[in-house]
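The values are calculated or read from the model by the stated rules, or taken from the named source; none is laboratory data. Treat the numbers as computed from the prediction; the structure is a model and nothing was measured. Note that we place each Cβ from the backbone using ideal geometry, even for glycine, and neighbour counts take in every protein chain shown.
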Amino acid sequence: MSVQTSDEARQMAATKRRAQFSALLGLTLVALLALMWVYLAFSTRAFWTYGNISNLLRQGTVVAILAIGETFVIITAGIDLSVGAVVGFSTVIIALLLKAGVPVPLSILITLVGGLVIGAFHGFGITKLGLPPFIMTLATLTAIPNIGFLITNGATIQIQNEAFSRFSTGDFLGVPNLFWMVVVVAIPAYILLHHSRYGRYLFAVGSNREAARLSGVNTVGIVYMAYMVSGLCAAFAGVLTSIRLTSGSAIHGQGLELEAIASSVIGGASLFGAIGSVHGPLLGSFILTTIANGANLMHVNSFWQKIITGGLIIVIVYFDGIRRKKR
């Protein structure tokens with residue numbers, strides 16, 4: 001009884017520390033994003049216009065959704081390098097389904113199930129075959145785009161469904177439809193991560209997998225679900241990408257995995273595991289999108305965007321390592 005009470009007390013203390021850190025980091029990121037927006041508003045007249053802000057929100061949608069899914073994996077001390085490849089592959093699948101005359105809702109459902117299957121495959125390789133997450137997801141990063149190229153013979157599949165493609169240019173209450181999809185993903189993700197038993201177990205697995213297993217946690221199931229969430233988010237991001245670009249191609253998601261990981265890390269997720277939130281990667285993704293948008297408006301060389309992103313990752317991971325040593 002006393003041991004159980006002690007364990008519960010430690011878990012409650014850890015949860016409280018995570019909540020405090022998450023709140024402080026969230027305020028810091030909001031302040032940074034606000035500072036960037038104010039600076040860009042004074043630096044270029046084109047930034048603070050409805051058209052540009054709407055475009056910025058649309059641009060950040062896909063990366064934000066990918067970053068949410070990636071965060072679930074990173075909390076387990078894993079990584080998913082395949083999310084960009086899954087995005088491209090998902091655009092191919094839904095484009096082919098729509099071309100074949102499959103109804104839009106069913107096409108979307110089949111595409112999302114495909115993302116879940118890929119995530120489950122990752123979970124199987126990591127938990128059952130004992131493969132490192134880096135190697136397992138690197139393998140699918142390499143294989144999935146080429147499967148897409150084989151299916152389409154290297155061609156881009158155009159989507160002719162007007163109602164499907166019109167969704168990307170529409171808005172609701174003055175906010176782009178695509179951005180509302182971030183809200184659709186973020187709310188259940190927040191409940192799952194921060195207000196459910198699964199979320200508590202996820203952090204426990206990331207903190208010490210063996211200790212969590214000995215405490216009765218189904219660590220295999222927790223890891224499986226984390227990668228399935230990531231795969232589902234990637235497939236959904238692929239659906240939104242196909243809507244925005246009105247086409248399907250295996251190259252549509254190229255490089256997005258790095259942006260998703262960067263957004264998650266900038267948003268406070270620790271690559272060492274056990275630390276992460278939902279609002280953090282959302283803010284991180286729109287910080288990166290703002291950097292890209294502002295650089296374009298100010299005619300800054302696009303290579304500087306990647307340099308700044310890389311610098312941010314190095315600094316944040318460095319301070320995260322220092323913080324962990326002080327614990």
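Results, tabulated for the structure shown:
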quantity: Residues located in the range 250-283, provided they are of a type in the set (A, V, I, L, M) and either under 19 Å from LEU27 (Cα atoms) or part of a helix (DSSP H, G or I) (or both); calculated: LEU256, LEU258, ALA260, ILE261, ALA262, VAL265, ILE266, ALA269, ILE275, VAL278, LEU282, LEU283
quantity: So ILE110, is it aliphatic (A, V, I, L, M) and either at pLDDT 95 or above or surrounded by 24 or more Cβ atoms within 10 Å (Cβ to Cβ) (or both); calculated: yes
quantity: Breaking point among (1) without any contact (Cβ under 8 Å) to a residue 40 or more places away in the chain; (2) touching a Phe, Trp or Tyr at 6+ places or on another chain (Cβ under 9 Å), for ILE110; calculated: (2)
quantity: Residue check for LEU271: of a type outside the set (Gly, Ala, Ser), farther than 30 Å from ASN208 by Cβ and within 17 Å of the chain's Cα centre (by Cα); calculated: no
quantity: Qualifying positions in the range 244-277 - hydrophobic (A, V, I, L, M, F, W, C), out of contact with any Pro (no Cβ under 8 Å at 6 or more places or on another chain) and surrounded by fewer than 23 Cβ atoms within 10 Å (Cβ to Cβ); calculated: LEU245, LEU258, LEU271, PHE272, ALA274
quantity: Unmet requirement for ILE187, which otherwise passes all of (1) assigned to a helix (DSSP H, G or I); (2) surrounded by 13 or more Cβ atoms within 10 Å (Cβ to Cβ); calculated: (2)
quantity: Test: residue in the range 148-162 that is outside any loop (DSSP other than H, G, I, E, B), polar (S, T, N, Q) and within 28 Å of ASN218 (Cα to Cα); calculated: no
quantity: The listed residue being at positive phi and free of Cβ contacts under 8 Å to residues at least 24 places away in the same chain, out of GLY199, GLY255, GLY221, GLY216; calculated: GLY216
quantity: Condition check for LEU150: at pLDDT 90 or above, surrounded by fewer than 16 Cβ atoms within 10 Å (Cβ to Cβ) and more than 26 Å from ALA269 (Cα to Cα); calculated: yes
quantity: Top-ranked residue in the range 270-327 [being free of Cβ contacts under 8 Å to residues at least 40 places away in the same chain and either touching an Asp or Glu at 6+ places or on another chain (Cβ under 7 Å) or of a type in the set (Lys, Arg) (or both); ranked as nearest to TRP37 (Cα to Cα)]; calculated: LYS306
quantity: Subset of the range 47-75 (residues that are buried (at least 24 other Cβ atoms within 10 Å of the Cβ) and either more than 24 Å from SER247 (Cα to Cα) or of a type in the set (Ser, Thr, Tyr) (or both)); calculated: THR61, ILE68, GLU70, THR71, PHE72, VAL73, ILE74, ILE75
quantity: The range 285-322 - residue that is under 27 Å from VAL183 (Cα atoms) and polar (S, T, N, Q) and, of those, surrounded by the fewest Cβ atoms within 10 Å (Cβ to Cβ); calculated: ASN296
quantity: Test: ALA143 is farther than 16 Å from GLY248 by Cα and free of Cβ contacts under 8 Å to residues at least 60 places away in the same chain; calculated: yes
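To keep it simple, each residue is scored yes or no on (1) out of contact with any helix residue (DSSP H, G or I) (no Cβ under 6 Å at 6 or more places or on another chain); (2) over 22 Å from PHE236 (Cα atoms); (3) surrounded by 20 or more Cβ atoms within 10 Å (Cβ to Cβ).
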| residue | (1), (2), (3) |
| --- | --- |
| GLY125 | no, yes, no |
| LEU129 | yes, yes, no |
| ILE144 | no, no, yes |
| VAL182 | no, no, yes |
| LEU193 | no, no, yes |
| ARG197 | yes, yes, no |
| GLU210 | yes, yes, no |
| LEU214 | yes, yes, no |
| VAL223 | no, no, yes |
